[in-house]
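The values are calculated or read from the model by the stated rules, or taken from the named source; none is laboratory data. Bear in mind that the values here come from a model prediction, so they are computed numbers and not experimental data. With ideal geometry, Cβ positions are generated from the backbone for all residues, glycine too; neighbour counts draw on all protein chains shown. Surface areas here come from the heavy atoms of the whole protein model, side chains and all, with no ligands, DNA or RNA. Shrake-Rupley method; radii C 1.70, N 1.55, O 1.52, S 1.80 Å.
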Amino acid sequence: MKVAVDAMGGDFAPQSVIEGVLQARSEFTDLDFILYGDQAQIEPLIDDMTRLTIVHTTEKIASDDEPVRAIRRKKQASMVLAAQAVKDGQADALFSLGNTGALLAAGLFIIGRVKGIDRPGLMPTLPSINSDQGFNMLDVGANAEAKPEHLHQYGLMGNFYAKDVRGIENPRIALLNNGTEATKGDELHKATYQLLVDDPDLNFVGNVEANDLLKGVADVVVTDGFTGNATLKAIEGTATIVMSQVKHAIMDAGVKEKIGGLLLKGSVGGIREKFDTSIYGGAVLLGLKAPVIKAHGAADARTVYYTVKQIHVMLANQTVQKVIDYFSDQAAQKNSN
């Protein structure tokens with residue numbers, strides 16, 4: 001199995017990318033890596049080239065590049081070359097810390113979407129307070145607008161991922177809404193609710209409100225990209241601010257508070273670890289013909305390692321192929337009827 005790595009994407013590339021890849025290479029001996037980027041910057045970071053190949057390019061897509069235009073014009077960019085390798089069968093998965101919009105465009109226009117999937121969705125794994133596994137949410141930004149059929153497809157794809165990658169036997173699928181009642185929401189959410197509740201292949205548990213997400217009430221939460229992105233940023237921002245305020249309340253206070261902080265160090269550390277999303281890997285662009293994974297631009301080597309681990313599980317379990325087969329079977333059934 002081979003992973004195409006955009007080594008130049010991210011705030012600390014290529015160092016953080018290479019460090020994480022080297023750590024993952026030591027553990028996953030059945031993985032090879034093709035590193036796309038500036039050879040002069042990459043080579044000094046590597047002592048042993050075992051199962052590593054460098055494809056040299058100095059062109060890269062910047063964070064402020066317009067995604068579709070960049071993909072079309074920067075043909076030698078590290079992300080574009082990595083995506084092309086997946087399309088040509090030279091690699092089995094694509095991994096990048098770079099421009100999210102450009103990665104989506106590369107996935108759509110170069111690798112291609114699964115037949116039967118109208119719009120791929122971006123899906124991270126987020127923490128929950130009563131589980132070490134967290135929960136998945138999609139879409140969180142690939143598509144600002146959606147139809148009920150798109151959200152239904154997100155539920156189906158998220159279901160496969162939760163089973164294969166996270167090992168949940170019967171994932172609980174929920175719809176993010178402004179109330180838990182079946183009649184809540186606008187026409188999009190009402191129609192989506194009906195599609196999900198009528199699907200015998202899904203363990204649909206109904207609507208879920210945003211204030212309950214971190215309580216672990218569902219394993220996969222379905223939403224449109226606009227709402228999902230806003231919710232994701234609210235969760236990330238709140239977690240960052242709360243932990244920062246706790247730290248300042250202890251360190252900037254008096255002696256008693258600092259002593260109390262030392263006594264609570266273990267508990268506070270446990271909370272920080274609970275909300276450490278790096279252990280879940282990156283966000284998956286579900287609905288494409290191969291695993292395409294996006295990690296945060298500021299990701300460190302630890303996050304890169306866990307993202308490669310995530311890719312390894314997806315490849316080993318053939319998660320994308322199961323999605324392809326499922327939607328192919330659904331199309332065949334419709335045609336036969």
Practice problem: Step through the table entries 60/294; 75/147; 184/215; 115/184; 87/233; 74/163, compare each Cα-Cα distance with 26 Å, and write down the pairs that go over it. | Solution: 75/147; 115/184; 87/233; 74/163
Quiz item: Residue by residue, what Karplus-based ³J(HN,Hα) values in Hz, rounded to whole numbers, does segment 144-152 have, using 6.51, -1.76 and 1.60 with θ = phi - 60° and x for Gly and Pro?
Solution: 6, 10, 8, 10, x, 5, 5, 5, 4
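Accessible area per residue of the chain at 1.4 Å probe, in Å²?
On the way: 16010 Å² over 337 residues.
Value for the chain: 48 Å² per residue.
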Quiz prompt | Residue-averaged [θ]222 nm for the chain, counting only DSSP H segments that reach four residues, each worth -39500 (n - 2.57) | solution = -14000 deg cm²/dmol
Quiz item: Amide H to amide H, which residues 5 or more places from residue 32 or on other chains are under 5 Å from it, using H placed in the peptide plane?
Solution: 2, 3
Practice problem: Run a plain Debye calculation on segment 111-246 (Cα atoms as equal point scatterers, no solvent) and give log10 I(q)/I(0) at q = 0.16, 0.21 Å⁻¹, rounded to two decimals, same order as the q list. | Solution: -0.77, -1.32
Practice problem: State, to one decimal in nm², a quarter of the convex hull surface area for the C-alpha atoms of segment 41-123, i.e. the direction-averaged projected area. | Solution: 6.6
Self-check item: Amide proton proximity set for residue 204, modelled H, under 5 Å, gap of 5+
Solution: 173
Quiz prompt | Radius 14 Å from Cβ of residue 224, net charge of other residues (Lys, Arg +1; Asp, Glu -1) | solution = -3
Exercise. Measure out, as a whole number of angstrom, how far apart the alpha-carbon centroids of segment 92-111 and segment 33-65 sit.
Key: 17
